[in-house]
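Working notes, beginning with the structure itself.
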Amino acid sequence: MKKIAYLLSIGIILTLVGCGTTNVPTKVTSTTPSTTEQVAPKAETFQIGDTFKLGDLQYKVNGVRTSAGTNQYMKPKEGNTFLLIDVTVENQGKDEAGISSMLSFKLSDKEGRSQELSLEALTEARGKLDGSIPPGRKITGELGFQIPTGPQSFELGIKADLLSTGTAVVNIPV
């Protein structure tokens, strides 16, 4: 039954995505006290600390950290560690915006293998990235993943909303 519900929800999401608009990521740079925006190509990759926009939402990956788990019942599997990615999202639009850690963010390794959000890792998170953001407000929280221990690189794909096709990618070294 869960499989049918999962497939049905994927079908609905794909239908909604097909009806969407295009948002091209724009990088926000600070050359003076005011900020200027540069239109970035669709495939541009950003680094930790860069500020960029997708539609009305401005994003910044503030940093990353790893954890071996502080809760005795919620530890990573042997040979793994928790990866926590701190992100700030600001709504610069005129309407309330929704954000979903499961639908707006996708972590992949350099070979393109998708990494799933980890409920165990989220117990270590400092704030969540889910909910509504009123105009002019922002939300800061951490995304939690369980990854193999050791140095490696990932890419965090960010999509502004279900109806847009524009995405941004942030390099995540561990």
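Data overview
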{"read-out": "Over 22 Å (Cα to Cα) - which of LYS53/LYS110; LYS53/LYS159; LYS94/LYS159; LYS75/LYS159; LYS77/LYS159; LYS75/LYS110 fall in this group", "value": "LYS53/LYS110; LYS75/LYS159; LYS77/LYS159; LYS75/LYS110"}
{"read-out": "Net charge of Cβ neighbours under 11 Å - reference LYS138; Lys, Arg +1; Asp, Glu -1", "value": "+1"}
{"read-out": "Förster-model FRET efficiency, 41 Å R0, THR140 and GLU78, C-beta, rounded to 0.05", "value": "0.80"}
{"read-out": "Added length on full extension, which subtracts the Cα-Cα distance from 0.36 nm per residue, LYS110 to LYS128", "value": "3.9 nm"}
{"read-out": "Stretch gain in nm, segment LEU119-GLU44, where the contour uses 0.36 nm per residue and the Cα spacing is subtracted", "value": "24.0 nm"}
{"read-out": "Qualifying trypsin sites (Lys or Arg not before Pro) for the stretch 71-160 [loop in DSSP, other Cβ within 10 Å: at most 15]", "value": "LYS77, LYS94, LYS110, ARG113, ARG126, LYS128, ARG137"}
{"read-out": "Residue exposure sequence - TYR73, TYR59 - by fewest surrounding Cβ within 10 Å", "value": "TYR73, TYR59"}
{"read-out": "Alpha-carbon centroids, the stretch 46-71 and the stretch 103-160: separation in whole Å", "value": "8 Å"}
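Bear in mind that the values in this text are calculations on the coordinates, not laboratory data. The structure presented is a predicted model; accordingly, all values stated were derived computationally and were not measured. Using ideal geometry, Cβ is built from the backbone for each residue, glycine included, and neighbour counts are taken over all protein chains shown.
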